[in-house]
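As C-alpha cells, the structure follows; a few thoughts come after it.
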Ligand SMILES: Cc1cc2nc3c(=O)[nH]c(=O)nc-3n(C[C@H](O)[C@H](O)[C@H](O)COP(=O)(O)OP(=O)(O)OC[C@H]3O[C@@H](n4cnc5c(N)ncnc54)[C@H](O)[C@@H]3O)c2cc1C
C-alpha cells in the first residue's frame, strides 16, 4: 500500500465514524447549509457535531497550515478528503467567504498577527464574513470605488480610519459578523489609492438594507457606512496597495464560483428523463460538455493549488462554469414543463427548480460578469490585438 492509499483508508474509516448520517443527505435548501458565525442557529445537533469534529481535525480547511486552524494536508491528501466525503455524500461542514475568499488573501498578504488572529476563527466557523467590493457606481469598473477611509489621529479614542460611503449587492451583509472592504485612502491614482480593510459589522455607523432577488429570497443588501471608526491595524497589506490584495482575492472567488459548473456531480440525463427526443439530445450534449468541464476543472484545481496556473485562468473557469450552470438550469426547467414553474408546494420542494433557475441568472454577474471575464481572457491569455 502506498502512503496515499493508507491515508485514504484512514480517512474513510474516520469519516465512517464521525460523519453523522443526517449530514450525508443532499442539501435541500439554504437552511441545510451551515454558515457559522456569532448568530448562527444550528438546524440540528448533527449539523453542530459535524462542524465541530471537522474543525477540530482542521478539515474545514484541510490544506491550510495547522498553526492557523487547518489540517496541514498536502494538496494530494486534501483531494482524497474531498473524494472520500463525496463517496458517502457528506455535506460540506461549513460554507464561508472566510474560507474561499479572505483566508487565501490573509495567507498571502496578512501579518503574522493577523493570520494567527483571524484564520483559526475562520476555520472554526466562529466569524461570518461578507465582501464589501461593489458600489452603486463601481461594479465592473471596481477601481472606481468611492467609499472613503480617512486616517484620523485621535489622542483620546486612539488613531483610526474614519469610513464613509456605500456598498451594494453585499451578499449576506445583514447576517455577517465582519466585512472585508475596499476603501479609498487616496485620490491620487485610481487603483493606487485603494486599501483593504477589515471591520466588525457591529461597529457604530454600519447599517444594511436587504435587496430582494428574483428567486424570492433576499440574500444581499445595500450597506452603508456613516463615520465608522476602524482601528488602524485592521488593514491588510500596505496602505494604498489594497488593489493587489483585492485582485488576488477575486481570483479565489472566481475559482470558487466556477465550481458551480460541476453541479454537485452526476449526469443530468440520469436525473431528468423527458419524452421529447430533441430535448434528450440536448441533455446528452450537455452531459458531454459537463464531463469535459469536470476534467478541465480537475486540471485547473491541481495547477491552481500548486500556484502554477495562469493568473487569469480563474476568469476562464468562472466563465465556463457559470455559463454551464445556467444551461443546466434551463434544461431542468425545459424537462419539467409547466410543473417546474410551480413555486410554493411541498411537492416541488417549494419550487426548488424554478428558484434555482432564477438564482442561476446571477452566476454570470457575481464575482465579475461573463463579459468582463471574456475581456480578461482575450487580453491576458489569448493576447488578442486590441483587447
Ligand atoms: C448574486 C450576486 C451576488 C453578489 N454579491 C456581491 C458581494 O457579496 N459583494 C460585492 O461587493 N458585490 C457582489 N455582487 C456584485 C457584482 O460583483 C457586480 O454586480 C458585478 O461586478 C457587475 O457590476 P454591476 O452590477 O455594477 O454591473 P455593470 O458594471 O454596470 O455592468 C452592466 C453590464 O455592462 C457590461 N460591461 C461593463 N463593463 C464592460 C466592459 N468593459 N466590457 C464589456 N461589457 C461590460 C457588464 O458585463 C454588464 O452586462 C453580487 C452580484 C450578484 C448578482
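Where a number appears in this text, it was derived from the coordinates with a stated rule and is not lab data. Bear in mind that the values here come from a model prediction, so they are computed numbers and not experimental data. Methodologically, a virtual Cβ is constructed for each residue, glycine included, from the backbone with ideal geometry; neighbour enumeration extends over all protein chains shown.
How far apart, in nm, are two points set 7 Å out from the Cα along the Cα-to-Cβ line at residue 14 and at residue 244?
3.6
Using alpha carbons only, how many degrees (0 to 90, rounded to 10) separate the axis of helix 112-123 from the longest principal axis of the chain?
In the chain, helix 112-123 runs at an angle near 30 degrees to the longest axis.
Just 343, 64, 35 to compare: in a GNM of the chain, with alpha carbon springs under 10 Å, which one fluctuates most?
343
So what's the gap between the Cα centers of the range 5-24 and the range 53-83, to the nearest angstrom?
First find each Cα centre; the distance between them is then 14 Å.
Nearest 10 degrees, 0 to 90: what angle lies between the long axis of helix 75-87 and the longest principal axis of the chain (Cα atoms)?
Relative to the chain, helix 75-87 is tipped by roughly 50 degrees.
How far apart, in nm, are the 7 Å Cα→Cβ label points at residue 334 and residue 374?
Here the modelled spin labels are 2.0 nm apart.
At 222 nm, what helix-only mean residue ellipticity would the chain give, in deg cm²/dmol to the nearest 500, using -39500 (n - 2.57) for each DSSP H run of four or more?
-12500 deg cm²/dmol
How much length would be gained if the chain were fully extended between residue 164 and residue 308, taking 0.36 nm per residue of separation minus their Cα-Cα distance, in nm to one decimal? List each step's numbers first, then the result.
Details: separation 144, 0.36 × 144 = 51.84 nm, distance 3.90 nm.
Net length gain for the segment: 47.9 nm.
Can you tell me which of 340, 55, 281 moves the most in a GNM of the chain? Springs connect C-alpha atoms under 10 Å apart.
281
Quote the FRET efficiency, to the nearest 0.05, computed for residue 383 versus residue 288 with a Förster distance R0 of 35 Å and r equal to the Cβ-Cβ distance.
Between residue 383 and residue 288 the formula returns 0.75.
Along its principal axes, what span do the Cα atoms of the chain show, with the longest given first and each in whole Å?
For the chain, the Cα spread along each principal axis is 72, 49, 47 Å.
Taking a ≥ b ≥ c as the square roots of the eigenvalues of the Cα gyration tensor of the range 85-148, is the shape rounded (a/c under 1.5), prolate (a/b larger than b/c) or oblate?
Working: a/c = 2.79, a/b = 1.52, b/c = 1.83.
Oblate, since a/c reaches 1.5 and b/c is not below a/b.
Pulled fully out, how much extra length does the chain show between residue 112 and residue 267, if you take 0.36 nm times their separation in residues and subtract their Cα-Cα distance?
51.3 nm
Scattering from the C-alpha atoms of the range 19-151 alone, worked out with Debye: what is log10 I(q)/I(0) at q = 0.09, 0.11, 0.20 1/Å?
Calculated log10 I(q)/I(0) at the listed q: -0.32, -0.47, -1.17.
Could you work out how far apart the two model spin labels at residue 278 and residue 56 are, taking each label as a point 7 Å from the Cα in the direction of the beta carbon, and quote it in nm?
The two pseudo-label positions are separated by 5.8 nm.
Let a ≥ b ≥ c be the square roots of the eigenvalues of the Cα gyration tensor of the range 195-309; is it rounded (a/c under 1.5), or, if not, prolate (a/b larger than b/c) or oblate? Please report the intermediate quantities before stating the final value.
Numbers: a/c = 4.73, a/b = 1.77, b/c = 2.67.
Verdict is oblate for the range 195-309.
Measure nothing but the geometry: give the 0 to 90° angle between the long axis through the Cα atoms of 3-18 and the longest principal axis through the Cα atoms of the chain, rounded to 10°.
The answer is roughly 90 degrees.
For the pair residue 189 and residue 44, what calculated FRET efficiency results from E = 1/(1 + (r/R0)^6), where r is the Cβ-Cβ distance and R0 = 41 Å, to the nearest 0.05?
E between residue 44 and residue 189, to the nearest 0.05, is 0.20.
Among 102-112, 142-152, 17-27, how do they line up from the highest to the lowest mean number of other beta-carbon atoms within 10 Å?
Working: 102-112: 19.2, 142-152: 17.5, 17-27: 14.2.
Going from most to least packed, we get 102-112, 142-152, 17-27.
Can you tell me which of 304-311, 348-355, 244-251 comes out highest on packing, and rank the rest after it, using the mean Cβ neighbours within 10 Å?
244-251, 348-355, 304-311
Shape of the range 101-226 from its Cα gyration tensor (a ≥ b ≥ c, root eigenvalues): rounded if a/c is under 1.5, otherwise prolate when a/b > b/c, or oblate?
rounded
I need the peptides 197-208, 130-141 ranked by packing, meaning the mean over residues of other C-beta atoms within 10 angstrom, with the highest value on top.
Ranked by mean Cβ neighbours within 10 Å, highest first: 130-141, 197-208.
Between residue 74 and residue 24, what's the calculated FRET efficiency when r is the beta-carbon distance and R0 is 22 Å? Round to 0.05.
Plugging the Cβ-Cβ distance into 1/(1 + (r/R0)^6) gives 0.25.
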